[in-house]
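Written below as structure tokens is the structure these notes are about.
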Amino acid sequence: MKTVLTDLGALVEHVIPNRFKHGYGPNEELFREIAADGADLIITVDNGIAGNGPIAAVKELGVDVIVTDHHEPGKQLPNADFIIHPRHPEGQYPFGELAGVGVAFKVAQALYGSIPEQLYDVVAIGTVADLVPLVDENRYFVIQGLARMRSNPREAIRALATVTGTELHDIDEQTIGFGFGPRLNALGRLGEAAPAVDFLLAEDSTEAMHMANYLNERNKERQDLVADITEQAVEMVETVEAIGQSRVLVVAGEGWNAGVVGIVASRLVEKYYRPTIVLTIDREKGIAKGSARSIEGFNMYAELDQNRDILPAFGGHPMAAGMTLDMNDVDELRRRLHEQAMVCLTEEDLTPVLEIDIPLNIEEIDLAALEDLKKLSPFGMSFEKPLYGLQNLHIKTMRKIGANEDHIKMEIGKHDHFIDAVGFHKGYLADELTQGIDISFAGDIQINEWNGRKKPQFILQDVHTDAWQLFDIRGGHKISQWLAKIDATETTFLAFRKETIAHYASVISSHIHYFNEEDSADLYQKYIVLLDLPQNVQQLEHVLRIKKLERIYAHFYVSDSHLFDGMPTKEQFAWYYRFLRSRREFHLHQNLNNLAKHKGWSRAMLIFMTQVFFELEFVTIENGLAKIVDSPPKRDLTSAAIYKERTQQLALEKTLLYAPYTDLRQWFDERLHQTVSEEEHL
């Protein structure tokens, strides 16, 4: 808009409302400032269709107003001099899905009297970034814009390509959506957006590069803000019953950055698949303002429209909206929207379904076919890339990546065929998936080029497995590391020994269940943490038999492991007994350490042998003095209860605590399959 008006000789200034000060769209205070500066005409771009009040106020000051917008028109249109909108009630434009930038482009075309091809790049960026359907005229805009960016880029595009590490000939719709768009939007999300317009209009390469670097840094700040607020919002959903149990999530936080709450709302929709509103509260002004994102079946604009009495300012689409309301009405808005959602959303609507377009065997993935598929691009809303499904693969390697470890990178496949897989904002999967089980993956397949070498890369959208999973949290894992990764609401923390409950009582806030042989399945959740070793194998087998478990977290804490000392040999018992008989009396407290050092045995092993002799009545012990018993009863060492207990403990430690992961999984697998077979037989 600024380009065409300037070219035609108009004196033009651009003003972008500061979302922190002015909110979204027309603002009366801002309009009055513009009028006071001497403007004769205000042209809105990508806003204004819901700005009835501010437009009426500035019209009274003698300023003309032209609205160009694509957002949902309300029942009452503003009293502007002209309204240019692809879905105007009195209009007949053949394509109603233009983005705001597309409407501005059509105005420029009309003013020039010809198609302004030099603006194709800008209209392409706005069309992709605004997530409008990539069909019809929008599709044409993006195709032409991408071609221009690759062959005849303006300085801003060159600079953006540099900071995003993109070759000009590789610029595509994903470059715009994930590279250019977020950086251009970062300024407005953190403060004043207007400099981004100057950046796009820059003709000096040095100036453009300087500004691109600045945008890049601001985008990193934006990413950190999103991560922080998302974490707070998730905690609210998980801990505040009124929020978490509502069919429409409405979360509000004081001081949250108003510029990023829309992104946070998208994150929550992705995590919970419920319509979501994220608001920032300004106590000084007494208001809450923010953004909404929706799901199929819940027209956010229409549902908000039913609440105009508590929404003095709002606008948007069926899938997204922005709003301002009294901070005291937040809970009421949540209550109303929940009731509205109970009417229009079923449980089935709240279950996201991915329709697989192309099921593939991993060995069928072919670079040449992927190259051919690119000829159908650009892909986007209403013209999505095909969704691929890869079934029953294994994870070979897996790790979290990214500054905040919120992404995941894996190698997935089977036998000799593996492919790299990346999941953006899916770092949590590293705590929910294990190796060695069959997993199905859904997502996109792209071509990753590095150092001149091309290879396929799977972009993860979702995963599914029916297999039970074993999570190894034995030994060196600190409780703080694994406890935070477990959903306590779905988990039973099980102890086989009472001393374990006392040991963990201060750090595990959830109830710790003490094993009882009379336990029934309803006492256990679908996930279980085995806090310690059972006293015998039968105890653990009982748990596996009565409950179908989806996840087993093996911790197996022992306060005193005997495995590395092992069981003393008969020769060691015989030598120690002869030693005691020769001494008749032996001061354990005074001399046991020296004896252990002399023989190269552990003190714990000598204590154990002494306890065996005491139980078998071979010696007496009083005040640390061991005395030999003359004419002791004839008993075998293995008959001592403490000997049996140690033997059993050593076997459990070897089988459960110190076994390699694959052996431990096989041990559980055999028993779980045995349980399934018994159930099928019954």
How large is the charge dipole for region 210-255, taken about the Cα centre, if only the Cβ atoms of Lys, Arg (+1) and Asp, Glu (-1) carry charge, to the nearest 20 debye? 280 debye
Region 358-510: relative contact order from alpha carbon pairs under 8 Å, six or more residues apart, as a whole percent, is 19 percent
Under the rule of -39500 (n - 2.57) per DSSP H run of 4 or more residues, summed and divided by the residues of the chain, what mean residue ellipticity at 222 nm is obtained, to the nearest 500 deg cm²/dmol? -12000 deg cm²/dmol
Between region 238-315 and region 390-464, the alpha-carbon center distance in angstrom: 32 Å
Relative contact order in percent for the chain (Cα pairs under 8 Å, 6+ apart) equals 6 percent
Sorted by mean Cβ packing within 10 Å, highest first, what order do the peptides 245-253, 90-98, 188-196 take? 245-253, 188-196, 90-98
Can you give me the solvent accessible area of Tyr577 with a 1.4 Å probe, rounded to the nearest 10 Å²? 50 Å²
Rounded to the nearest percent, how much of the accessible area of the chain (1.4 Å probe, protein heavy atoms only) is carbon and sulfur? 49 percent
Rounded to the nearest whole Å², what accessible area per residue is found for region 152-231 with the 1.4 Å probe? 47 Å²
Where a ≥ b ≥ c are root eigenvalues of the Cα gyration tensor, a/c under 1.5 meaning rounded, otherwise prolate if a/b exceeds b/c and oblate otherwise, region 357-418 counts as oblate
If the limit is 19 Å between Cα atoms, which of Lys271/Lys485; Lys375/Lys454; Lys426/Lys547; Lys426/Lys454; Lys526/Lys654; Lys570/Lys599 go over it? Lys426/Lys547; Lys426/Lys454; Lys526/Lys654
Which order do the peptides 634-645, 99-110 take when ranked by the mean count of other beta-carbon atoms within 10 Å per residue, highest first? 99-110, 634-645
With a/c under 1.5 counting as rounded, go ahead and sort region 326-432 into rounded, prolate or oblate using the C-alpha gyration tensor (a ≥ b ≥ c being the square roots of the eigenvalues; past the cut-off, prolate if a/b is larger than b/c, else oblate). prolate
Once you charge only the Cβ atoms, +1 for Lys and Arg and -1 for Asp and Glu, what is the size of the charge dipole of the chain about its Cα centre, to the nearest 20 debye? 3200 debye
Region 581-651 accessible area per residue, 1.4 Å probe, protein heavy atoms, integer Å², reads 62 Å²
Taking all protein chains together and a probe of 1.4 Å, list Lys498, Lys396, Lys426, Lys548 from the most accessible to the least accessible. Lys548, Lys498, Lys396, Lys426
Please give the direction-averaged projected area of the C-alpha convex hull for region 180-258, in square nanometres with one decimal. 6.2 nm²
Just the Cα atoms of the chain, one point each, no solvent: what log10 I(q)/I(0) does Debye give at q = 0.05, 0.08, 0.09 Å⁻¹? -0.38, -0.77, -0.90
Per residue, how large is the accessible surface of region 385-450? Use a 1.4 angstrom probe and give square angstrom. 48 Å²
Taking a 1.4 Å probe, which of Thr239, Thr276, Thr324 shows the most accessible area, and what order do the others take after it? Thr239, Thr324, Thr276
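The values are calculated or read from the model by the stated rules, or taken from the named source; none is laboratory data. None of these values were measured; they are calculated from a predicted model. A quick note on method: Cβ atoms are made from the backbone with ideal geometry, for glycine too, and the neighbour counts reach across all protein chains shown. Calculation scope for accessible area: heavy atoms of the full protein, side chains included, ligands and nucleic acids excluded. Shrake-Rupley method; radii C 1.70, N 1.55, O 1.52, S 1.80 Å.
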